[in-house]
Amino acid sequence: MKTTFSEYIKYKFHNTLSRGTPALLSWLGIITIGFIALSSIFVKVTVEGKKLSLINIIWISLTRVLDPGVIGGDTGSWPYLVVMLFITMVGVFIFSTLIGIVTTSINNSIQSLRKGRSKIFEENHTLILGWGEKVIAIVTELVIAFNQYQSEYSIVILGDEDKVKMEDKIRDKVGVTGNTTVICRSGISSEIGDLNLTNLNKAKSIIIVPPDEPYADIGVIKTVLALLNYPDTKKEHNMVSVANYSEDYTLLKRIAGDQINVILSNEVVAKIISQTCRQPGLSLVYSEILSFNGKSHYKDITGPWYEEASGDEIYFSNQSEIIGKRYDKAQLSYNSSSVIGIFNSEKGVILNPHSDYLLKEGDQVIVIAQDADKIDYLLNDDSIIDENLIVNKKSYLEPEKILIINSNRLTSLIITKLDKYVIDGSSIDLFNHNNEQLEKEKMNINNLENASINFMSGDPTVYNELEKINLMQYDHIVVLSDFINHGAMNADARNLITLLHARDILQKSDRKITIVSQMMDERNRAVADQARADDFIISEKLISQYMAQISENQFLFPLFNELFTNEGAEIYFNNIKDYVKIGVKTNFYTLVKAASLRNESAIGYRKSALHYDAGENYGVKMNPDKDEEILIDSDDQLIIIASASR
C-alpha cells in the first residue's frame, strides 16, 4: 500500500513530538510566531492599526497572547476590537499549552528523580550493590559506626527496587541517621550502565549484597565481573561480599583474587549454630564483636538502631609500652580493654598467641574495647591478682545426645561440624516433617567420626509428635529455620510454636537441656523470648554485621575468618569453677590470669542466674573492667578465646 504525502508529514510530525519538552516548545514557538505574524496583518488593516508601526502591532499581539487579561482596556472600532478578541482567545490556548508543557516537563523531571536514575557525585562513600533484608542491617551498623565521629558520611545504595520504596523502608527500619546521608538509586548492579550512577571510582568500599532468592551466588558473581570490567577504574576497592556455597567462593576468589573478601555464609552460620547449641549465649558474643560501638557518642540522636549500638568493638592499637613484654603481661596491662591477640607485620593476625609470645617492634595489640580512647595502658604488678583463688581443673566431655529439628541447606554442614566437637559415642537425631528432605540428608551425611546419625519423620509443630520422640533424653536441641519450604516469616512462626511445645514438655524434666533456635528475622526474637529458649541465632543479621565490619576495616577479615573456621582459635564458654574457687568474690584480673596460665585469653563471663534476663544481656558480660568484683557461682561460665585443638 502506497504511503501518501500527508501520512508521511503526519509521521514526521509525531516523531518530533515524541522527542520531549524541547520539541514541544519548538513547535509551540513556531505556531506562536506564525499566529502573531498573521494577527499583525489583520490589525494593520484596521483604522487603529494604520496609526501604529509594525513593531508596535507585533508587541501588542505578543502581550495579548501571553497575558489575555489586557483585553479589558481595549477601545476603538469594532473591526479592531474583534481582531483583539480573536488574538486573546487564541492566546488563551497558546498560553495554556505552554503552562501544560512546562508543568508536564517539571513533573517528568520529578518522576525521573524519584525513579533514582540520576548520577550521584558523592566521594569517599560506602557503596552497597543490591537490595534485600541484609541491606537494612548493614546500613544500621554503618550508621552506628559513622556517628562515632564528627565528619559527614554517605552511603549509596544501588538496588533493583523502586527508589522511593527503598528510601521509605530505610526511613522506617533505621530511623534518624545523624551525620550519615543515605542515597538510593534504582538499577541492576551487574550492568555497567547502572554502575555509572554510583561514582564507583570515588567509593572507599563496596559491599555486594546477594538477592533474597535461591541461587543468589549467581547475582554476586555477575556483579563482581561487572566491577572488574568497569572502565576507567583507577584504584583497587575494598570489596566484600558473601557466597553460600564453597564452589562459588572458589570461583569468586579465582576471578577477583585479593581484590575481594568473600564470606562463606553457610560455613559461618553452620559454625555458629554448631557451637551455640552446645554453648548457649555464644551468639550474643559473636553479635557483640561484630557490631560497632556507639551509645557513648550520640545520645541526642534517636532511632531504632540506637538500641543496636553495643558497648565494645575490636581495635588494633599501637602501644610502645608493651614492646618487649610477654603476651600474658600484655593481657594484664589494660583495665578496660580485653587483649585477644597480636597483629604482626609479617604474620598478620595472631589470635590468642602463646602466653610467652614476646611482643616485637611493629607489633600491635588486638583488643576489645568500648572506644579507642578507652584503650588505657596500665603498669600493673601481680599484687592485684588473688593467686590463692586460682585453680587449674579441666572438665572432661561426655558423649552427647543432640536433636536437630527441621532441615535446610545448613543441616549437613552443622552435623559435620558437631561431629568434630563431640566425643566418640555421641549421637545426632534429625527430626523433620519432609520425608523428601530426610532422604536427601541421608545421602549428604556420611563418614561421621564421633557421632551416630538417626533420621525421624514428624511435624515439630504438633505437640503430640514432639512428645513421642522423648525430648528429655537429649542434652541439646537445635531448632533450624525451614525457610526453604515456608519462607522466612512463616518459618520463624513455626519455630516459635515448636519452641513453646518443647519448653512445655521439658518442664517435666529435672535435667538441664539446652534449646537454641535459628531465626531469620530479628523482629521475631522479642516474641520468641517468651519461649525461653537458651539462645537464638539471627543468621541474616550476623552475616550483615560481618560484611559491615569488613567494609570499614578489611584487616579484620583474617581475624573473623579464623574465628569462624575449624582451624585456629575459637570462642568457648568454660565452667568458671575450672579456673577459680566458687562462692567467693574476685576481680577480673584474677580470671584473666587464670586463663593465661592455660594459654587462653579471657574476654568476659556469663552469670547463670541471669540466663533468661534480656535486660541484663542474658547474663553475658563482655570486656568487664578488670578491677570489677565478681561473685563466682558454680554454674557461671568464663568466656575465653583458645586454640581449637586444645
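A few points about this structure:
- Less than 5 angstrom separates the built amide H of ILE404 from those of ASP429, LEU430, PHE431, VAL478, all sequence-distant by 5 or more or on a different chain.
- Descending semi-axes in Å of region 598-646, equivalent ellipsoid built from Cα gyration tensor: 21, 13, 11
- Kirkwood Rh and Cα Rg combined as Rg/Rh, region 132-213: 0.94
- Largest first, the three principal axis extents of the alpha carbons in region 170-262 are 40, 33, 22 Å in whole numbers.
- Surface accessible to a 1.4 Å probe, THR416 within the full protein complex, Å²: 60
- In a DSSP loop and with at most 14 other Cβ atoms within 10 Å, the chymotrypsin sites (Phe, Trp or Tyr not before Pro) in region 353-401 are TYR396.
- Rolling a 1.4 Å probe over the protein heavy atoms gives region 332-385 an accessible area of 45 Å² per residue.
- Radius 12 Å from Cβ of LEU466, net charge of other residues (Lys, Arg +1; Asp, Glu -1): -2
- Once the Cα gyration tensor of region 363-459 is diagonalised, semi-axes √(5λ) in Å: 45, 20, 12
- Region 96-165 and region 408-429 have Cα centres separated by 45 Å.
- Cα gyration tensor category, rounded, prolate or oblate, for region 371-419 with a/c compared to 1.5: oblate
- Nonlocal amide H pairs with THR181, under 5 Å, H built at 1.01 Å: TYR153, SER154, ILE155
- Size descriptor for the chain, Kirkwood hydrodynamic radius: 29.2 Å (Cα pairs only, one decimal).
- Burial order of peptide ranges 541-548, 495-502 (average beta-carbon count within 10 Å, highest first): 541-548, 495-502
- Cα-based shape type of region 421-529, given that a ≥ b ≥ c are square roots of the gyration tensor eigenvalues and the cut on a/c is 1.5: oblate
- Among beta bridges from DSSP that stay inside the chain, the antiparallel ones total about 40%.
- Each label point was placed 7 Å from the Cα along the Cα-to-Cβ direction; for ASN15 and ARG117 their separation is 2.2 nm.
- Per residue, the accessible area of region 96-209 comes to 43 Å² when a 1.4 Å probe rolls over the protein heavy atoms.
- Potential extension, ASP635-GLU346 segment - 0.36 nm per residue separation minus Cα distance: 99.9 nm
- In sequence order, region 187-195 has phi-based couplings of x, 9, 5, 8, 9, 4, x, 6, 5 Hz under the Karplus curve 6.51 cos²θ - 1.76 cosθ + 1.60, θ = phi - 60°, and Gly or Pro positions carry x.
- Per atom type, region 72-222 shows carbon and sulfur on 57% of its accessible surface, probed at 1.4 Å.
- For VAL580, residues with placed amide H under 5 Å, excluding near neighbours: VAL391
- Shape category assigned to region 544-646 from the gyration tensor of Cα positions, a/c cut at 1.5: prolate
The values are calculated or read from the model by the stated rules, or taken from the named source; none is laboratory data. Model, not experiment: these values are computed from the prediction. Cβ atoms come from the backbone with ideal geometry, glycine included; neighbour counts cover every protein chain shown. When the accessible area is computed, the model is the full protein with side chains, heavy atoms only, and any ligands, DNA or RNA have been set aside. Shrake-Rupley method; radii C 1.70, N 1.55, O 1.52, S 1.80 Å.
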